[in-house]
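Visitor: To start, I am sharing the structure in question, which I have written as structure tokens.
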Amino acid sequence: MTFAIAAAGTGGHVYPALSLAAALEELGVAKEEILFLGGDRLEAQAVPEAGYPFQGFELARLRRSLTVKNLAIPWVVRHTSREMATHLWRSGTKVVVGMGGYVTVPASMAARRAGIPFFLQEQNATPGLASRFAARRALATFLGLPGRAERLPRSKVIGNPLRPAIATLDRAGLRNDAHRRYGLSGRKVLGILGGSLGARVLNDAAEALVAGSGADAVIHLTGPKAYSDMARLAGASKVPWVCRPFEADMEFFYAATDLIVCRAGAMTVSELAATGTPSVLVPLERVGQQWNARSIAETGGAVIVEQSDAGELSAVTRRLLADDAGLGRMGADARRAGRPGAAMVIARQLMEAAGA
């Protein structure tokens, strides 16, 4: 192995890691030379499916509630870092990059133990505890969004790694295929997106939003848990309302929609900017998404609605969808916040560090 990528937990960490791996491949690195380090969640399925070597480890994440389980974290982290270091040394890894989240802490410690260069990629405008710890050990920290993360040492805002299909989206060229994919023919299509796991506040607001938004049709990515309930509501709706639990090929979702109501996860915000998609953002504030939202709202590409004001979503979307020129301006303004070439920038620096 030459490159190791530590990514675990949700799609917000795993999918940019896969985009980075694809960029390394584009530069001539073979799949078998890219090792993924993770745990037993999404990465344990998504990475092998993508064809990359994967090594799982015991991981511990900090729980926000008071619990004795947090007391075991230091022991688990030290134990896992030793196991990772041994695996990195035996596999001949020359460079390690952590993609944020709890796997990054033992990965940064393992890289130091093994004497291997370590880099960090932080997706969010506000860094988490793991990234704040790992940044001290990183030769460089690649930031996805401007904001508080810029205080991390040796950091630079370059954007988040995106799949080429998103980074180079031709909305007009894909629009008809996207509408056929969802069985739609409406002129104004509203998207509702809560991330790979869905968002309860958006699902709870969906029925009123669909009825009052003024959209000709709605595409709703519900998350797996809420899909059945949302699909039943959609079946009784007067407005064409297409529900999917998840969309693996998000380029079709962006191409099909004229306006999206969504959370403000870092990858969602980066994809909105890259694709020039107008949006209404409802940040999950307890994880700092309001700072992600500001990075695109300040350009004029998005409108922010606080979660406590979710009842206003219908009125906001109705006003935006009724203004064709305004939507066009929002899309152009969203693109001004985009940095679609980040995956290749990071890949090239990793290649240099590895001497490849």
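Values quoted throughout were computed directly from the atomic coordinates according to the rules given, and no laboratory measurement underlies them. Here the structure is a predicted model, which means the values were calculated and not measured. All Cβ positions, even for glycine, are placed from backbone atoms using ideal geometry, and neighbour counts span all protein chains on display.
Visitor: At what distance in angstrom do the alpha carbon centres of region 263-309 and region 84-110 lie from each other?
Guide: Using only Cα atoms, the two centres lie 31 Å from each other.
Visitor: May I pose another question? Using alpha-carbon pairs under 8 Å, 6+ residues apart, how would you state the relative contact order of the chain in percent?
Guide: Computed value for the chain: 16 percent relative contact order.
Visitor: To continue, here is another question. Compute the signed sum of charges (Lys and Arg +1, Asp and Glu -1) over the other residues within less than 14 Å, Cβ to Cβ, of GLY11.
Guide: The answer is -2.
Visitor: At 7 Å along Cα-to-Cβ for each site, give me the label-to-label distance between ARG187 and ARG329 in nm.
Guide: 2.1
Visitor: Which three numbers, in whole Å and largest first, are the semi-axes of the equivalent ellipsoid of region 17-66 derived from its Cα gyration tensor as √(5λ)?
Guide: Semi-axis lengths for region 17-66 are 26, 11, 9 Å.
Visitor: Can you tell me the dipole magnitude for region 233-297 around its Cα centre, using point charges on the Cβ only (Lys, Arg +1; Asp, Glu -1), in Debye to the nearest 20?
Guide: I would put it at about 280 debye.
Visitor: Pairs on different chains or at least eight residues apart, Cα atoms closer than 30 Å: how many lysine pairs in the chain fit?
Guide: 7
Visitor: Please report, largest first and rounded to whole Å, the three semi-axes of the ellipsoid equivalent to region 276-319, where each semi-axis is the square root of five times an eigenvalue of the C-alpha gyration tensor.
Guide: Semi-axes, largest first: 16, 15, 6 Å.
Visitor: Let me ask something additional. For region 175-272, calculate the relative contact order in percent as a whole number, restricting contacts to Cα pairs under 8 Å that are 6 or more residues apart.
Guide: Here the relative contact order equals 37 percent.
Visitor: Which of these, GLN290, GLN307, GLN123, has the largest mean-square fluctuation under a Gaussian network model of the chain (Cα springs below 10 Å)?
Guide: For the chain, modelled as a Gaussian network with Cα springs under 10 Å, the answer is GLN307.
Visitor: Over 20 Å intervals from 0, what percent of Cα-Cα pairs in the chain sits in each interval?
Guide: Result, from short to long distances: 31, 55, 14, 0 percent.
Visitor: How far is it, in nm, from the label point at GLU25 to the one at ASP170 when both lie 7 Å from their Cα along the line to the Cβ?
Guide: So the label points at GLU25 and ASP170 sit 2.2 nm apart.
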